[in-house]
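Have a look at the structure below before the remarks.
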Amino acid sequence: MTKPATQKHQTPASSEQQRKDELIERELDEALKETFPASDPVAVDTHAPRKPGPGPKPSK
C-alpha cells in the first residue's frame, strides 16, 4: 500500500510572499501590454510608493 499524498499547508509568510509574487506578475504583464508593439522597453517600478515630503512653505 502507498502513502497518501500529504498536503503542504502554507504558512502566513509563504502566503504573503505568494500574493506579492502574483502582484508583481500582474504588474509585469500590464507593463508588457503597454509596450505593444515593442517600440518601448518594459518599465516597472517595484518600489513601494514614497511618502510625499513637505510641500512648499506658504507665503505670507
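Summary table below
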| quantity | calculated |
| --- | --- |
| Every pair of residues 6+ apart whose Cβ atoms lie under 9 Å, when the first sits in the range 19-35 and is free of Cβ contacts under 8 Å to residues at least 40 places away in the same chain while the second is of a type outside the set (Lys, Arg) and exposed (fewer than 10 other Cβ atoms within 10 Å of the Cβ) | ILE24/THR46; GLU27/ASP45; GLU27/THR46; ALA31/ALA43; GLU34/ALA43; THR35/PRO41; THR35/ALA43 |
| Those residues of the range 1-52 which are of a type in the set (Gly, Ala, Ser) and modelled with pLDDT under 65, in sequence order | ALA5 |
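The values are calculated or read from the model by the stated rules, or taken from the named source; none is laboratory data. In this text, all values refer to a predicted model and were calculated from it rather than measured experimentally. Positions of Cβ are generated from backbone atoms using ideal geometry, with glycine treated the same way; all protein chains shown enter the neighbour counts.
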